[in-house]
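Here is the structure we will look at, set down as structure tokens.
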Amino acid sequence: MTRTPFPGISTPVGPVPADAPAWNRQRHSQMPSHRYADPYDRVSIPLSSQERTWPTRRLTAAPLWVPVDLRDGNQALAEPMDPARKRRFFELMVAMGYKEIEVGYPSASQTDFDFVRLIAEQDIAPKDVTIVVFTAARRDLIARTVDAIRDIRNPVVIHLYTATAPIWRETVLGRDRDELRALILDAGRDVLELAGGLPHVRFEFSPEVFMLTEPDYVLEICNAMTALWEATPERPVILNLPATVEIATPNVYADQIEYMHRHLDRRESVILSVHPHNDRGTGIACAELAVLAGAQRVEGCLFGNGERTGNVDLVTLALNLHAQGIDPMIDFSDIDEIRRTVEHSNRIEVHPRHPYVGDLVHTAFSGTHQDAIRKGFAEHRARAAREGRSEREIAWRVPYLPVDPADLGRSYDAVIRVNSQSGKGGIAYLLETEFGIRLPRRLEIDLAGHVQRHADESGLELDAHGLWRIFDDAYLAGDEEPRIALSQVRTDASAAEPRTTFRLRVDGSEHVSEHPGVGPVEALAEALAAHGAPLEILDLQQTSLGAGSDGEALTLIEYRGAYGTGWAAGRDGSVLTATLNAVLTAANASLR
């Protein structure tokens, strides 16, 4: 038997399924998938294909975003937030523009209770921000929650929840459908009795585990709650329908939401809300399809913190809208400060590949990506110049970058980074952005070979300064001692014909030569040929190192010498001296 480096893995074996196409050679695995039920066997989907309308709808506006980081996200932390971190997070959400924020579970901990009291006693919440507090369906917990919100001048939502799905009813709560309905309605009456007379207070109900609850039962309970709380357009009730644990594809959740949207009583007096989790990794899709299906409000966390795989990520959701031309109604213009604050509060780092905010999401290492991005930036700049408008105003259409990093407060410094997977476009981009060097295309190709060899040998990423060192070694002769050096050059353009005199040091000996009737570059080529280093200049281009009057001249030449063609460069404050240095570098390279 062949030994495997992964003894814990049972490689699928056995025959290929009889109905598999010839191109699919996968075999049955040892995974016990038979233990899990098809979602369609666990919950009925009440919409028929003729009734379903959400697939034909389009997102046109942002829903009401409700961050639950201070409650649901906080409960999921190994080290829950202390008061200072909680306040800092709250202030961030206010600054970003969130107008409804779930701030805690006052009956669950003294810290949460005290934070709600802080909002009541200190002026840290603008008047137009609605404060949401969370409570289970038990009278003593509801009373504690009402005590916490007393005297808050802001609008307040009391969020009542109870799990309603069959396995929760049977295993966790020990109640049948009728008994649980009675418990929920009793709790609703307690909320009404204890808080119904408080100004600015509205109510929210969540049938937790909605996605596994029978549609007729959850509809019956929700309608009973809006009737009990006398929902009106002036004082609407929030019905929040959570995908507490994802169990199906996002279209199933959308069907469930559309069913509720179309069959709820007092629909104009209900704010239909969703609270997707991310157990299957499709929380974003669930939320977006739910909005298409009629949801008006989305609960989630910044960057997706929460139990298990987290709550839906409100940042990604909002920036998805931004990336398709829809105002997210929230400001993300300093995404790195937002991330730093969230990481400080949660003590959890954001993944470098996290959409929009990760350190690497605007970075290309691949050569084909780099080439496309570089050309896209060039087109963007040229189009802005043609239209006489700012680059920040014109339509964004740079390949591989769904949004302009500058929209999020990021620079373009790390958009292209070079490693062994990179190509000539990325190398040229970094040298141009860092040093102002514009390389001819054939030199880009030649330099890419040098960089590839270096990257393959080191296995490390190369920054712009590392690329410059490779460029220096390859084309500026690096630190090598030249066999031919220029000691002195004198040009005389006042005579009847131009004349150039050179003093060259060749293998340690000084040689003087005069060259009438030709320019300095041709004259130097004649002098070099006389010393066994004939050169033909095939191409000569001049650029500069750096910007403005302080930049050094950089001359790039393609030449043919005794052993074939090559590239060389020369640099100096003088354009002429830089050009002569490039020719000398080429001569020394050909002698080597």
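Observations, loosely collected:
- Among (1) in a loop (DSSP other than H, G, I, E, B); (2) without any contact (Cβ under 8 Å) to a residue 40 or more places away in the chain - the single one His515 does not satisfy: (1)
- Qualifying positions in region 21-68 - open to solvent by less than 100 Å² (accessible area, probe 1.4 Å) and hydroxyl-bearing (Ser, Thr, Tyr): Ser29, Ser33, Ser44, Ser48, Ser49, Thr53
- Members of region 486-500 that are at pLDDT 75 or above and either outside the structural domain of Thr585 (by the TED database) or open to solvent by 20 Å² or more (accessible area, probe 1.4 Å) (or both): Leu486, Ser487, Gln488, Val489, Arg490, Thr491, Asp492, Glu497, Pro498, Arg499
- Val575 being surrounded by 22 or more Cβ atoms within 10 Å (Cβ to Cβ) and farther than 18 Å from Asp473 by Cβ: no
- Only one entry of Gly519, Gly508 meets the criterion of being within 21 Å of Ile557 (Cα to Cα), at pLDDT below 85 and either more than 58 Å from the chain's Cα centre (by Cα) or not assigned by the TED database to the domain that holds Leu430 (or both), and that entry is Gly519.
- Some residue of region 531-547 being closer than 21 Å to Gln488 by Cα and part of a helix (DSSP H, G or I): no
- Consider region 222-249 and keep the residues that are assigned to a helix (DSSP H, G or I) and of a type in the set (S, T, N, Q). The one that is surrounded by the most Cβ atoms within 10 Å (Cβ to Cβ) is Thr226.
- Top-ranked residue in region 527-539 [being at pLDDT 85 or above and either exposed (fewer than 15 other Cβ atoms within 10 Å of the Cβ) or not assigned by the TED database to the domain that holds Leu576 (or both); ranked as farthest from Leu439 (Cα to Cα)]: Ala530
- Residue match in region 411-426 (condition: modelled with pLDDT of 80 or more and open to solvent by less than 10 Å² (accessible area, probe 1.4 Å)): no
The values are calculated or read from the model by the stated rules, or taken from the named source; none is laboratory data. In this text, all values refer to a predicted model and were calculated from it rather than measured experimentally. Here the Cβ is made from the backbone with ideal geometry for all residues, glycine too, and neighbour counts use every protein chain on show. In case anyone asks, the SASA skips ligands and DNA or RNA and just uses the protein heavy atoms, side chains included. Shrake-Rupley method; radii C 1.70, N 1.55, O 1.52, S 1.80 Å.
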